[in-house]
Each structure stands twice: as C-alpha cells, then as structure tokens.
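Novice: After the structure tokens below, expect a handful of questions from me.
What follows draws every value from the coordinates through simple rules; no lab data is involved. Quantities reported herein were computed from a predicted structural model and do not represent experimental measurements. Please note: Cβ atoms are built from the backbone with ideal geometry, for glycine as well, and neighbour counts cover all protein chains shown.
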Amino acid sequence: MLDPRSEIYPTIEYRPIQPSDLEALEKIHLALFPIRYEREFFLNVVSGHGIVSWGAVDTSRSDDRRDEIIGFVTTRMIAAKDSEIEDLFRYNSSRKDLTLVYILTLGVVDSYRNLGIASSLVREVVKYAASISNCRGVYLHVISYNQPAISFYKKMLFKLVRRLPMFYYIRGQHYDSYLFVYYVNGGRSPCSPLEIVTSFVVDFRAFVKMLVAKFWSKEDHCGPRWARCQESNTLLAPQSNKRIISGDSTRCHV
Ligand SMILES: CC(C)(COP(=O)(O)OP(=O)(O)OC[C@H]1O[C@@H](n2cnc3c(N)ncnc32)[C@H](O)[C@@H]1OP(=O)(O)O)[C@@H](O)C(=O)NCCC(=O)NCCS
C-alpha cells in the first residue's frame, strides 16, 4: 500500500469495472460502508447490468495488483419523474422523458485518499450524464454524519438541496441524509429573475406552439388535404415513409 509520506505519486488510471473486479469490489464496499450490499448488487455492477461504473487502478504498483481496484463509483439511470426530486424539474413540464444519473456508491481505499481520485471518478460521471441529451443531473444521498463526503460533494460544486429525516436505518438506529444534485444540460431550476422570465417565455412559446398545432389539426380536417400529404412526404424518414405515406395517400386520394 501507499506510504502517505511518500513523495512519489502513484499513476492512477480509470476504466470500467469488469467481472474480474468482483472480489476486490465486495471487499472495499464491506470496509467502507456501514450498509451491507447484496451479492446481486456486485454482480450487476461487474456485468454492467443496469449499472454504469468506473474503477480506479494504480498502474505504478510493482506487484501483481496493478489492475486491482482502489477506487470506484457506481451509478444508475433513473427517470426524473420516478425520482424523489422530480419537483426540481417541474418547470420543464413539457419534457416527460427527462432522466437523472444516481450515484449509488463512491469510495476510495484509505491509503489513496486526498489524491483527487474521487474527484476524477465523479467528473467521469458528470461527463457521462452531460453526454445524454435528456439527462438533467447527477444526484445522491449522503448520511448526515459523513463529513468527508459532504465536504467532498460541496467542493465538487454539488448543490445541497434537501435534508431527509431518518432516511437511513442502520443497526437499529435512524440517520438523516443529505441530498446533493449536480445539474447538467441546463437542468438547474430557474432562480434569478432573468432565469424565471426566460423559463416563462420558453414555456409560453411551447404553449402557443401547442395551440397552433391543435388549431392546425382542426383546420386540417376541413381544409385541403393535399397540402398535408405534401408536407408529410418531406418530413418522414425513408423507412417509415412507405407505411405512413401509403396510409396518408389513401386519405389524400379519397
Ligand atoms: C469521500 C471520499 C470518496 C473522498 O475520496 P478522495 O479520493 O479522498 O477525494 P478527493 O481527493 O478527490 O477530494 C478531496 C476532497 O474531499 C474532501 N475530504 C476528503 N477527506 C476529508 C476529510 N477527512 N474531512 C473533510 N473533507 C474531506 C475535501 O473536500 C477534500 O478537498 P480538500 O483536500 O481540498 O479539502 C473518501 O473519503 C471515501 O472513500 N470515503 C468513504 C466512502 C464514502 O463515504 N463515500 C461517499 C458516500 S457514497
């Protein structure tokens, strides 16, 4: 293991967690967390079944453990409407398909702490979330007494949005939790007067568009049909063209 007084910094690399990490991953989780995770959780992590994760390894180790996980972050995707922070995204009510990335676990082996490893892992998560166009944030819970983790997420500019009383029940005792969010892709709820006005304008435009669309479809029933067919023709993808246009053209030729 690392000598904390050593002047030599390890070379840390980041990679997806894989089946060969199963044992090390279970061992570190057991050592770092007060909660016991089921075997199924680890199997899902290493197989990438519904879980996206990253591991950190110290490739400067001279022994045969240079590919052994010394830090990790595990996440899963959650539909914003099924999350407990749906209300933070209500202002964007026109989108029903918004998603969030939820951090399940994050940890770094004791002797590798304060080297920026967790920061790099969380940056990977944020990058991943930002690459998904309908994703609006990364969020997580931290038990209220975990000061290192609370400081860590604040330093990473996560926003503390909620305190959840008695969220955890561990060994016969209740503990509160803090809920942190990092917004991506413009997910932040509007807070300044300018942002509120902008958000109102965006919603109003969407409302007007919807009215126009409704009005247009009414017109369409009694208006000239040929125009509509022409338009569909240009908008449809070649594959679906066949099916839909044949339906449309039947109507058009009536
Ligand atoms: C929280 C944790 C993941 C941080 O990992 P790390 O690799 O040491 O973090 P980094 O080096 O990237 O970031 C260091 C920052 O974390 C915070 N931090 C880390 N240890 C801390 C401590 N003992 N007290 C206060 N803040 C601490 C500080 O903000 C620090 O920045 P600073 O040095 O500028 O003050 C690590 O302490 C850990 O694995 N803890 C056990 C598992 C856990 O609690 N996970 C989080 C909940 S899921």
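Novice: With a cut-off of 12 Å, note down the residues of region 134-158 whose backbone N falls inside the zone around a label point 7 Å from the Cα of D87 toward its beta carbon.
Specialist: none
Novice: Right, here's the next one. Find, among the chymotrypsin sites (Phe, Trp or Tyr not before Pro) in region 1-80, those assigned to loop by DSSP (not H, G, I, E, B) with at most 14 other beta-carbon atoms within 10 angstrom. Intermediate values should be presented prior to the final figure.
Specialist: Numbers: sites: Y14, Y37, F41, F42, W54, F72; in loops: Y37.
Nothing satisfies the criteria.
Novice: Now, a different point. How many angstrom separate the Cα center of region 138-161 from the Cα center of region 30-50?
Specialist: 21
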